[in-house]
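The values are calculated or read from the model by the stated rules, or taken from the named source; none is laboratory data. In this text, all values refer to a predicted model and were calculated from it rather than measured experimentally. Ideal geometry is used to build each Cβ from the backbone, glycine not excepted, and the neighbour counts take in all protein chains shown.
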Amino acid sequence: MTTPTNVRLLLRGLLVVSAKEGQPNGKVGILRTAPAGHELKIAVHRIPPGPPPEPRILTRPDIRDRLYLNVTSAQPNITVRNNTPVNRLVAPVNQESVNWFVDLEKNSELYTFPIGSNSSEFNPLLTFNSGQLFTAAISEDFLQVQRGIFSSYENFGYVAVQLGIDFLTAFKVVFKNGNTTIFDSATEPGIDYRIEISHDADVHPQGPVTDANNYYRALGTGIPLEQKILFMSIRPGIQAGGPPAGPEAACFPAYLGRTSI
């Protein structure tokens, strides 16, 4: 009898998730070009921990252009754990709700149309199937947005800074780095896994942080400059008036509610 396997995928920093409820497949694209200091790291944890080295760490250039998380389970499609509405301007409740995601194509918040993507600007690109979406961590303070270069910045509010995808009681999970198998749950009965993909900076500079504007290298290339929505946050204690914004807020992982990578 096959022993069920649980896998948790955690995503932080400058990367883009395209995964829609009810669809079988999703993708995670990591920006090919990112601000200085942003490093891509993939950590694979075995639960319970195995022999050294633990966890297994992958960094460039050992990470291949294509990654695959192939899941065999009774639930073939992508689901959402919590879809409760949230108020970004008050202290977070319902912390796992997917409504903390920064969906760049969510009508009531940002763009009202599909903004498109350029897949050549994502490297590497992870493809996965099934999974349950949830928010794994929320910013300490506010993200700000500028709705076109002729507008002033306004408070957008709290945002998800780490996205989670759970693959629960799967019959089999295989994680591949190109043609290299990182793990195959069929060979390790009784072991669960946690995969952490981070494309973030260890330390952000003092003052304004505008890292998320780098998404326009891969997204929304047809949007005129004067119509682009720009992003910023400021280290606590710097912003004059209103809540301070933590620099991690402007380094959010982006979600595409309409466009597919």
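What the table shows:
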{"quantity": "Region 149-175: number of residues that are surrounded by 14 or more Cβ atoms within 10 Å (Cβ to Cβ) and either free of Cβ contacts under 8 Å to residues at least 24 places away in the same chain or over 20 Å from Ile78 (Cα atoms) (or both)", "calculated": "7"}
{"quantity": "Those residues of region 216-235 which are in a helix (DSSP H, G or I) and without any contact (Cβ under 8 Å) to a residue 60 or more places away in the chain, in sequence order", "calculated": "Tyr216"}
{"quantity": "Pick from region 184-215, criterion free of Cβ contacts under 8 Å to residues at least 24 places away in the same chain and assigned to a helix (DSSP H, G or I), ranking: farthest from Ala249 (Cα to Cα)", "calculated": "Thr187"}
{"quantity": "Odd one out for Val90 among (1) surrounded by 19 or more Cβ atoms within 10 Å (Cβ to Cβ); (2) over 18 Å from Phe252 (Cβ atoms); (3) among the aliphatic types (A, V, I, L, M)", "calculated": "(1)"}
{"quantity": "The one condition in (1) over 17 Å from the mean Cα position of the chain (by Cα); (2) surrounded by 20 or more Cβ atoms within 10 Å (Cβ to Cβ) that Ala250 fails to fulfil", "calculated": "(1)"}
{"quantity": "Test: residue in region 145-154 that is within 30 Å of Arg56 (Cα to Cα) and out of contact with any Cys (no Cβ under 6 Å at 6 or more places or on another chain)", "calculated": "no"}
{"quantity": "In region 107-137, the residues that are of a type outside the set (Asp, Glu), assigned to a loop (DSSP other than H, G, I, E, B) and surrounded by 16 or more Cβ atoms within 10 Å (Cβ to Cβ)", "calculated": "Leu110, Tyr111, Ile115, Gly116, Ser130, Gly131"}
{"quantity": "Residue within region 41-59 that is under 20 Å from the mean Cα position of the chain (by Cα), over 25 Å from Asn77 (Cβ atoms) and free of Cβ contacts under 8 Å to residues at least 60 places away in the same chain present", "calculated": "yes"}
{"quantity": "For Asp192: the one exception among (1) of a type in the set (Asp, Glu); (2) within 17 Å of the chain's Cα centre (by Cα); (3) modelled with pLDDT of 95 or more", "calculated": "(2)"}
{"quantity": "Region 15-74 - residue that is assigned to a loop (DSSP other than H, G, I, E, B) and among the polar types (S, T, N, Q) and, of those, nearest to Ala170 (Cα to Cα)", "calculated": "Ser73"}
{"quantity": "Residue check, Arg8 over 22 Å from Ser119 (Cβ atoms), crowded, with 20+ Cβ neighbours inside 10 Å and either at pLDDT 95 or above or within 14 Å of the chain's Cα centre (by Cα) (or both)", "calculated": "yes"}
{"quantity": "Yes/no for Pro55 being loosely packed, with under 12 Cβ neighbours inside 10 Å, modelled with pLDDT under 95, on the phi < 0 side of the Ramachandran plot and not hydroxyl-bearing (Ser, Thr, Tyr)", "calculated": "no"}
{"quantity": "Selection status of Asp166, touching a strand residue (DSSP E or B) at 6+ places or on another chain (Cβ under 6 Å), over 18 Å from Arg12 (Cα atoms) and charged (D, E, K, R)", "calculated": "no"}
